[in-house]
Amino acid sequence: TTTRDAGGAAPKSVAERVAHEVRETLLTIAVFVPFWLLFSTFIYELRSIPSESMVPALQVGDRVAVAKFVYGYNRNSAPFGLGRLLFQDDEQDPEGGLWVRPPRRGDVAVFQHPHDGKVMIKRVIGLPGDIIQMRGGRLFLNEAEVPREEIRKTTYIQADGSRTPVTATEYRETLPGENGSHLIHEFRDADRLDRTPIFKVPDGHVFMMGDNRDNSEDSRGCSGH
């Protein structure tokens with residue numbers, strides 16, 4: 001005879017219970033994964049900060065939630081070329097899309113390096129048409145020196161594994177039109193990228209710099225014109 005439970009149904013065997021759990025797990029994955037892909041592609045994506053280029057605002061290992069909708073959506077918004085299916089190329093409006101707006105000066109933005117595809121995070125310094133130059137460690141924007149105020153000296157261990165302490169001067173820098181100000185670090189005002197040629201930002205481009213000015217690969221490494 002088969003013993004029945006209080007509801008009158010025969011109890012499930014171990015194999016049936018395992019099969020039920022497997023089905024429930026697969027169903028959960030089937031529902032969750034597409035939702036997660038849509039969420040991380042079009043709404044928010046978690047990123048871990050890999051370098052010290054944005055110290056002191058962002059430290060190595062910090063996890064940040066990147067808003068994917070801030071600048072709207074265009075054909076470059078989705079991976080695997082899916083954006084080109086959603087937003088067709090338009091010769092009259094090549095950057096057209098949905099809710100598109102340009103970056104603002106002072107924004108911290110995550111983007112792909114235009115040549116090697118590496119994901120980077122920097123601050124927007126220059127907008128299309130701006131003229132930018134570094135002179136003796138000082139930032140000049142449209143021929144005007146961007147003001148900076150010394151805050152303090154700070155010493156810390158770099159995350160490159162050298163375990164060598166470094167001392168930086170912390171400044172408060174205020175960009176024209178920026179909503180507030182931001183902090184930057186300078187080891188010295190005579191480093192490799194502290195004197196640059198003159199840059200004019202082309203249409204459809206922005207000029208990006210790290211807040212850790214002497215420890216950042218950014219737009220200053222491009223050839224000026």
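A few points about this structure:
- In the stretch 99-177, the chymotrypsin sites (Phe, Trp or Tyr not before Pro) that fall in loop regions by DSSP, at most 11 other Cβ within 10 Å: TRP99
- Relative to the longest principal axis of the Cα atoms of the chain, helix 14-42 runs at roughly 30 degrees.
- Under-5 Å amide H pairs with GLY210, H placed in peptide plane, nonlocal only: ARG123
- In the stretch 118-211, the trypsin sites (Lys or Arg not before Pro) that fall in loop regions by DSSP, at most 14 other Cβ within 10 Å: LYS118, ARG163, ARG188, ARG192
- This model, with +1 at the C-beta of Lys and Arg and -1 at the C-beta of Asp and Glu, gives the stretch 117-161 a dipole about its Cα centre of some 180 debye.
- Cα Rg over Rh - the stretch 89-225, Kirkwood: 0.99
- With protein chains left intact and a 1.4 Å probe, residues in the chain average 64 Å² of accessible area per residue.
- Applying 1/(1 + (r/R0)^6) with R0 = 22 Å to the Cβ-Cβ distance of ALA65 and THR154 gives a FRET efficiency near 0.25.
- Under-5 Å amide H pairs with LEU141, H placed in peptide plane, nonlocal only: VAL146
- Neighbours of GLY210, meaning other residues whose beta-carbon lies under 11 angstrom from its beta-carbon, give a summed charge of -1 when Lys and Arg score +1 and Asp and Glu score -1.
- Relative contact order of the chain, taken over Cα pairs closer than 8 Å and 6 or more residues apart, is 17 percent.
- Globularity ratio of the stretch 125-195, using Cα Rg and 2.2 N^0.38 Å: 1.25
- Annotation note: GluC sites (Glu not before Pro) in the stretch 131-204 located in DSSP loop regions with a Cβ neighbour count of at most 16 within 10 Å are GLU143.
- In sequence order, calculated HN-Hα J values of the stretch 44-54 (Karplus, 6.51, -1.76, 1.60; Hz; x Gly/Pro): 9, 9, 7, 10, 9, 6, x, 9, 9, 5, 10
The values are calculated or read from the model by the stated rules, or taken from the named source; none is laboratory data. Just so it is clear, the structure is predicted and the values come from calculations on it, not from any experiment. Methodologically, a virtual Cβ is constructed for each residue, glycine included, from the backbone with ideal geometry; neighbour enumeration extends over all protein chains shown. Accessible surface is based on the protein model in full, side chains and every heavy atom, while ligands, DNA and RNA are left aside. Shrake-Rupley method; radii C 1.70, N 1.55, O 1.52, S 1.80 Å.
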